[in-house]
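What follows is a set of notes on a single structure, which appears directly below.
The values are calculated or read from the model by the stated rules, or taken from the named source; none is laboratory data. Note that this is a predicted model, so its numbers are computed, not measured. Cβ placement follows ideal geometry from the backbone for every residue including glycine, while neighbour counts extend to all protein chains displayed.
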């Protein structure tokens, strides 16, 4: 069985604190949890070991009201203005937990790929990336949607979904994101430090499922549909035996 938890729209700090608390309270033999949540304002999260203002213009962040919070997992920086974010917790005694960290990434992202296929149509060739390419530049390597990594979800050679994980002896937390549209060039120009290729890398590397832009109502509808599909896929995956 899978427990689906939806905490609604909250601040970036509260969303990340909720995930941290879910991981801290995880018991090795409990039910897996899929955590759905949204953002009360435009937000960005960053990996535990990243210094965000090495890559972001503080004046632009403040002017645009972008809320920033550190994730309890690793990885780089990701904008939550037009994605679907979710978290998944798998307890340590579950038969699908692997001692190989990358296999745990693949386990969750296979469900994401299946959900994307169903969202776009069963003939969609969403698949996991076997090996990471070289980043376009040093800054692009720090932005999740500007640099694919191993076992990211790909569509036609471009990144649809990525994630970061943190593991304890009681299980692991997987924080994922599915790209629905991309931040505008104007937004990125005010937020990013000059002299990098991050904007170009995001445009060339990411595959937004809804295209370059869409109405807010369509974005909300897509998030709701993907949340339902992801819950169904994670429910099936959580019932599988290892190696399936």
For this session: Spot the failing condition for residue 190; the list is (1) over 24 Å from residue 18 (Cβ atoms); (2) buried (at least 19 other Cβ atoms within 10 Å of the Cβ), and only one is missed.
Result: (2)
For this session: Determine, yes or no, whether residue 219 is outside any loop (DSSP other than H, G, I, E, B) and buried (at least 19 other Cβ atoms within 10 Å of the Cβ).
Result: no
Exercise. Given 189, 163, 212, which one is within 23 Å of residue 71 (Cβ to Cβ) and either modelled with pLDDT of 95 or more or in contact with a helix residue (DSSP H, G or I) (Cβ under 9 Å, 6 or more places away or on another chain) (or both)?
Worked result: 163
Exercise. Restricting the first residue to the stretch 157-173 and requiring it to be outside any strand (DSSP E or B), which pairs with a second residue that is surrounded by fewer than 19 Cβ atoms within 10 Å (Cβ to Cβ) meet a Cβ separation below 8 Å and a spacing of at least six or different chains?
Worked result: 169/28; 169/92; 170/27; 170/28; 170/91; 170/92
Exercise. Within the bounds of the stretch 170-177, is there any residue that is out of contact with any strand residue (DSSP E or B) (no Cβ under 8 Å at 6 or more places or on another chain), over 15 Å from residue 85 (Cβ atoms) and modelled with pLDDT of 95 or more?
Worked result: no
Exercise. Restricting attention to the stretch 11-19, does a residue exist that is assigned to a strand (DSSP E or B) and either more than 19 Å from residue 183 (Cβ to Cβ) or touching a helix residue (DSSP H, G or I) at 6+ places or on another chain (Cβ under 8 Å) (or both)?
Worked result: no
Exercise. Got a number for residues in the stretch 138-154 being assigned to a strand (DSSP E or B), within 23 Å of residue 125 (Cα to Cα) and touching a helix residue (DSSP H, G or I) at 6+ places or on another chain (Cβ under 7 Å)?
Worked result: 1
Exercise. Can you name every residue in the stretch 174-193 that is free of Cβ contacts under 8 Å to residues at least 60 places away in the same chain and assigned to a loop (DSSP other than H, G, I, E, B)?
Worked result: 184
Exercise. Which of the following residues is within 27 Å of residue 8 (Cα to Cα), more than 18 Å from the chain's Cα centre (by Cα) and either surrounded by fewer than 21 Cβ atoms within 10 Å (Cβ to Cβ) or modelled with pLDDT of 95 or more (or both): 95, 91?
Worked result: 91
Exercise. Within the group 103, 122, which residue is surrounded by fewer than 19 Cβ atoms within 10 Å (Cβ to Cβ) and farther than 21 Å from residue 227 by Cβ?
Worked result: 103
